[in-house]
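The values are calculated or read from the model by the stated rules, or taken from the named source; none is laboratory data. Values in this document were obtained by computation on a predicted structure and should not be read as measured data. Cβ placement follows ideal geometry from the backbone for every residue including glycine, while neighbour counts extend to all protein chains displayed.
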Ligand SMILES: NC(=O)c1ccc[n+]([C@@H]2O[C@H](COP(=O)([O-])OP(=O)(O)OC[C@H]3O[C@@H](n4cnc5c(N)ncnc54)[C@H](O)[C@@H]3O)[C@@H](O)[C@H]2O)c1
């Protein structure tokens, strides 16, 4: 069911790789709610993924941008405002990748240049995206910026490795940048802390399926799906949440406030 919540709004959606991607669902939902969007992803992902299919479905264009490249991000913002014929109302950061996890390096045997690259891709890119748009004054008053995160920023999930620190940094950027943008343009910045979700990035974490099942049992409402995440994200892009900013918002079926669940113990 669509409510026209983003009617007339224009936004940039990063991170849609394939139809499992959380960003894919958010893109579809944003358009269903009346938004006009631009899709972006790393040039390499454009070759591997199915993003052109999504572009066709959502009547949008794809602007390649490596989120660690200030030049690419500058081009992304310029081309997007040109396409929209004006400023942007919302942006989604849905980007994450750990080199040490991908290359199966143990957390106690981290390769530091990979760690720095991980932080750049998964967290500093968020600051870069925001700073680029801020300096170009490309976001409309009361615009909304959302990034996706995970509760490993607050609690220890051993196999999440250096992504835990990436997410802690990402969430901190949302608070700090949120202050400056609120003061300047009433632009709000939040992170959504999503349940484990079966996507390419998710499945890269060791033992993901077992962990997914555990999390499902620990969450009184069950794991939140990517479709439900899209719904929540749309509410944050909409005008119904204008005074929500600098928050890390748990979208996890109650997982974050649980201590013990009898279901996990088979009671
Ligand atoms: N899947 C989960 O369990 C889960 C849970 C909570 C939060 N998240 C977060 O959600 C976000 C989206 O992940 P997803 O689960 O949909 O997986 P995904 O693999 O579909 O999306 C990750 C995206 O990051 C993009 N990316 C990687 N390096 C990039 C770069 N240098 N420049 C631009 N884009 C780049 C990839 O191409 C891909 O589209 C990530 O931030 C992830 O950490 C995922």
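Quick check: is even one residue across region 237-245 in contact with a helix residue (DSSP H, G or I) (Cβ under 6 Å, 6 or more places away or on another chain), surrounded by 20 or more Cβ atoms within 10 Å (Cβ to Cβ) and not in a loop (DSSP other than H, G, I, E, B)? No, every residue in region 237-245 fails to be in contact with a helix residue (DSSP H, G or I) (Cβ under 6 Å, 6 or more places away or on another chain), surrounded by 20 or more Cβ atoms within 10 Å (Cβ to Cβ) and not in a loop (DSSP other than H, G, I, E, B). Kindly indicate whether any position in region 103-116 is under 22 Å from residue 16 (Cβ atoms), in contact with a helix residue (DSSP H, G or I) (Cβ under 9 Å, 6 or more places away or on another chain) and not in a loop (DSSP other than H, G, I, E, B). No, the conditions are met nowhere in region 103-116.
If I filter region 92-112 for residues that are buried (at least 17 other Cβ atoms within 10 Å of the Cβ), touching a strand residue (DSSP E or B) at 6+ places or on another chain (Cβ under 7 Å) and farther than 24 Å from residue 197 by Cα, do I get at least one hit? No, region 92-112 contains no residue that is buried (at least 17 other Cβ atoms within 10 Å of the Cβ), touching a strand residue (DSSP E or B) at 6+ places or on another chain (Cβ under 7 Å) and farther than 24 Å from residue 197 by Cα.
Picking from residues in region 155-202 that are at pLDDT below 95 and within 9 Å of the ligand (Cβ to nearest atom), the one that is farthest from residue 244 (Cα to Cα) is 200.
Any chance region 125-132 includes a residue that's in a helix (DSSP H, G or I) and farther than 26 Å from residue 197 by Cβ? Yes, that holds for at least one residue.
Residue 132: in contact (Cβ under 8 Å) with a residue 12 or more places away in the chain, crowded, with 19+ Cβ neighbours inside 10 Å, more than 17 Å from the chain's Cα centre (by Cα) and more than 14 Å from the ligand (Cβ to nearest atom), yes or no? No; evaluated as a whole, the condition is false for this residue. Residue-level check: of (1) part of a helix (DSSP H, G or I); (2) within 14 Å of the ligand (Cβ to nearest atom); (3) within 20 Å of the chain's Cα centre (by Cα), residue 205 misses just (1). Could you tell me which of the residues 123, 147, 152 is free of Cβ contacts under 8 Å to residues at least 24 places away in the same chain and within 11 Å of the ligand (Cβ to nearest atom)? Checking each option against the conditions leaves just 152. For region 208-259, a tally of residues being within 16 Å of the ligand (Cβ to nearest atom) and at positive phi returns 3.
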